[in-house]
Amino acid sequence: MSALASVCVFCGASPGADPSYAAAARGMGRAIAERGLRLVYGGAKVGLMGVLADAAMASGGEVVGVMPDALVDKEIGHQGLTRLEVVGSMHERKARMAELSDAFVALPGGVGTLEEIFEIWTWGQLGFHAKPAAFLNVRGYYDGLRSFLDHSVAEAFLRAPHRDMVIFRADAGEILDALAAYVPPVVEKWIGRPEL
């Protein structure tokens, strides 16, 4: 069982094709704030990122954005946050977001969102941290990914306990409950490695 104080959310700088994605981002921001948790995110005021941050701020939440200086103009850094931290690179951005957060959620997004949540999950799998990671599966957006992960287990590239480290839920409240209840597995990462 983990004590959550701060939740990092990865999501698109685009709003996506369906209004339900923005509605889910709004609900996630509101749920985080209403539980007295701090939101950490990528710092933009556009797309789902902006919707998420605005909803958390409107609900009285603390919101910390982290953005590399090269993207402040491109992603339009959000100036209405509790704090916007500007860092030197994408690597620094991800490391800082990880440092500030107790749990991680991926909303619908593109390759950047996937890269961010997969890196966090990999760090957990390797035992570098014991923080949970989750996907908010809006309208089945991540169903294909969930099936692929099951396929990876079946093909012996991923252990079942490591597959189960990542949480899939369709509701913001349920995802926060699951993050708070998370217990990391204690299992060897490598499959088929010879005994030393």
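The values are calculated or read from the model by the stated rules, or taken from the named source; none is laboratory data. This structure is a prediction, so every number in the text was calculated from the model and none was measured. Here Cβ is always computed from backbone atoms with ideal geometry, including for glycine, and neighbour counts include all displayed protein chains.
Residues in region 188-196 include at least one that is outside any strand (DSSP E or B), modelled with pLDDT under 95 and of a type in the set (Lys, Arg).
For region 63-78, a tally of residues being within 16 Å of Leu39 (Cβ to Cβ) and surrounded by fewer than 16 Cβ atoms within 10 Å (Cβ to Cβ) returns 0.
Only a single item in (1) in a loop (DSSP other than H, G, I, E, B); (2) buried (at least 20 other Cβ atoms within 10 Å of the Cβ) is not met by Gly60, and it is number (2).
Residues in region 102-115 that are in contact with a strand residue (DSSP E or B) (Cβ under 6 Å, 6 or more places away or on another chain) and surrounded by fewer than 24 Cβ atoms within 10 Å (Cβ to Cβ) were compared, and the one that is nearest to Ile175 (Cα to Cα) is Asp102. If you go through region 31-46 and keep only what is surrounded by 20 or more Cβ atoms within 10 Å (Cβ to Cβ), modelled with pLDDT of 95 or more and not in a loop (DSSP other than H, G, I, E, B), you end up with Ala31, Ile32, Ala33, Arg38, Leu39, Val40, Tyr41. For the residues Tyr41, Tyr21, the requirement of being over 16 Å from Ser101 (Cα atoms) and among the aromatic types (Phe, Trp, Tyr) singles out Tyr21. With respect to the stated conditions, Phe168 fails to be modelled with pLDDT of 95 or more, of a type in the set (Phe, Trp, Tyr), farther than 30 Å from Asp69 by Cα and surrounded by fewer than 13 Cβ atoms within 10 Å (Cβ to Cβ).
Cβ-Cβ distance below 7 Å, separation of 6 or more or different chains: which pairs start in region 79-96 with a residue that is on the phi > 0 side of the Ramachandran plot and end on one that is in a loop (DSSP other than H, G, I, E, B) and among the hydroxyl-bearing types (Ser, Thr, Tyr)? From residues that are on the phi > 0 side of the Ramachandran plot, there are no pairs. Among the residues that make up region 171-186, is at least one of them surrounded by fewer than 17 Cβ atoms within 10 Å (Cβ to Cβ), over 25 Å from Val9 (Cβ atoms) and either in contact with an Asp or Glu (Cβ under 8 Å, 6 or more places away or on another chain) or at pLDDT below 85 (or both)? Yes, region 171-186 contains at least one residue that is surrounded by fewer than 17 Cβ atoms within 10 Å (Cβ to Cβ), over 25 Å from Val9 (Cβ atoms) and either in contact with an Asp or Glu (Cβ under 8 Å, 6 or more places away or on another chain) or at pLDDT below 85 (or both). In region 1-30, of all residues being in contact with a strand residue (DSSP E or B) (Cβ under 8 Å, 6 or more places away or on another chain) and in a loop (DSSP other than H, G, I, E, B), the one that is surrounded by the fewest Cβ atoms within 10 Å (Cβ to Cβ) corresponds to Ala5.
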